[in-house]
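Structure, as structure tokens:
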Amino acid sequence: MKPISSEQDKKQDRKWEEELFREGPDADFTLQVMQKLDHVSMEEPHVQVPWENKKSHKRTWIYRTGIAAATAVLIAGGAWAAWDQTKEKPAQPPVNAVNIPPLLNIPVPEVLRYANLSDDYKRLQPLGLVVNPNIDIDDQGYKLKIEDVLVDGSQLILMLQQTAPDGTGLYLLNSKVEDIHITDENGKDVAEPAMDTRQGSGSLNKLVFQLHRDIPDEITVRGDFGHLDVGDGYGYDVNTKTYTDKKVSVDWSFQFKLDMIQAKVMSKETPMNASYTTPEGLELAMTQLVQTPNGTRLDLEVNLNDELRAKAGEDWARDMDILYHIEIKDTGEYRIFNGGRPNARQAKFRYRDLSQVSSGGPLKISETWDPSLVTLNADNIRFVLDGYTIPVKEGQTMEVDLDKASEESKFYAFASFKHLGDQMEFYRFNYQRGLSADDQTNGGSENETSLVLEGSGLFQNEFYGDHWLATDSTGKEYPVEIMGIRNPANLNEQYVIDDVKLIVHGFNKDKGTKLTLKRTVVHRDFRDVNWKVNLASDATMPWDQ
């Protein structure tokens, strides 16, 4: 039998690592089992904070998780690592070092356990880095309590317990994160909202802030809240089936100080000066490595040269992602981080600063890795860039003649699209009435009839972030929305998209049977990169003393 080439071998290893990305016993899984046993709801509404990525031309995405992969995780126990490609593969996957030294077996407050912060607490509490500011506010029965603040030299985590007069939980301050300020003695902001990206990241009462460089010895945490918007859930009208905007005037303002001296002592900052420019003109620069008891943070800056900036989509900074992996030869760790892709691993905490992009400045990105995934005091830690994704203006059209569709269209495509490794085949079409609220901003109405093309696709590039436009025979333009179900990537790192739908809003039977669809912006996946950087490492960290 012909041996598998090293490149094929690498793809297979990467595929398995992507599917089975939890190397140790999954704390989230255990927590969810316990929650289920305790009859605690595990589903919470998604709250999008202001800085979070917003995709252009909002679309609905449905992602399918690989059942076989999930089964394999349970069977294998989640202990996975990449092995040396030059050696024979072991019969059983090696077990990686996770949380070494072992975490102390200390009780964890319930609110932290349900926010997926048990390990964080066990790392920080023995070092005096968990603080109780004793904030307990009760105004007209609306209660705000802050008992747990986790702080290190990189992040600050606030747990906000919010309850209504009837005792039910509230999630009101997450959408008002911009009204919480973390400042120095002169009132200058020293931290910005970040994001906990871990699966099952837990409570919506959890807020994460990333600290800037040059942390002062004392900081002030201040929240200014004079009213609460309790419309959702409390302003629901059963008869009209609508929510009303209900505001309650309360004083939930709070302020407390935090001594940062211990957090600064228990951290290590290493300035970095490594840079790389891809063949397409994307410039990456590493500026700092921050190591704390609760994780390793890498700070990067992303710039585009003039040529790529001219081609990039307007929201490139919101939608772009870097794809990379971390190698630790001494411990056999091989960790793939695939950005915002479904079923992919992301960093534990992610931070993005877009404030300078509009003026031609860099996009600032920080990625923080949990110690259970990237050992803190290991030697020979290497960052390897695997690629990046970014929306670019590269157009391709598809001609559609509805008259060519027939009863046999489920077997024969009447329209096809191929572009930059992506392909779609359309077999059916129909007309549907109504638009989502997001798409009414395009000029449509709720009673408008729209053309829906249905088929399947295979994508080499990212499925979200694309922009489409349709034109009829008279030259009139129509907004287009794309939907589909994306399966996990195959060994060629392509995504099979089931039930692709292109919705041409406002195009009804009276508009004719011929039209042109054009993809104007493509969320490209670039893999032509070659950048490896050895990160600073030290066998002895301040918290080991």
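The numbers here are math on the coordinates, done by the rules we state, and not lab data. No experiment lies behind these values; they were computed from the predicted model shown. Quick reminder, even Gly has a Cβ in these numbers, built from the backbone with ideal geometry, and neighbours come from all protein chains shown.
Brief remarks follow.
- Volume in Å³ per residue [convex hull over Cα atoms, computed for the stretch 298-370]: 106
- Projected onto their three principal axes, the Cα atoms of the stretch 454-545 cover extents of 76, 28, 25 Å, largest first.
- Calculated log₁₀ intensity ratio I(q)/I(0) where the Debye formula runs over C-alpha points of the stretch 346-423, q = 0.12 Å⁻¹: -0.71
- Cα centroid separation - the stretch 306-327 against the stretch 502-532, whole Å: 19
- Label-to-label distance, nm, for residues given as Asp538 and Glu394 (7 Å Cα→Cβ offset): 4.4
- Under conditions of 10 °C and 1.306 mPa s, the stretch 254-388 yields 97 µm² s⁻¹ as its translational diffusion coefficient, taking Rh as the Kirkwood radius over Cα pairs in the Stokes-Einstein equation.
- In the structure shown, the pairs Lys393/Lys418; Lys329/Lys532; Lys311/Lys532 are assessed against 22 Å; a Cα-Cα span above that value is assigned to Lys311/Lys532.
- Gyration tensor (alpha-carbon) shape descriptor, the stretch 158-227, a/c threshold 1.5: oblate
- 3J(HN,Hα) from dihedral phi, the stretch 487-495, Karplus parametrisation 6.51/-1.76/1.60, rounded to Hz, x for glycine, proline: 8, x, 5, 7, 5, 8, 6, 10, 9
- Over 26 Å (Cα to Cα) - which of Lys206/Lys264; Lys476/Lys501; Lys176/Lys364; Lys145/Lys247 fall in this group: none
- The order of the peptides 382-395, 124-137 by mean Cβ neighbours within 10 Å, most packed first, is 382-395, 124-137.
- Ordering of 287-298, 504-515 by packing [mean C-beta count within 10 Å, highest first]: 287-298, 504-515
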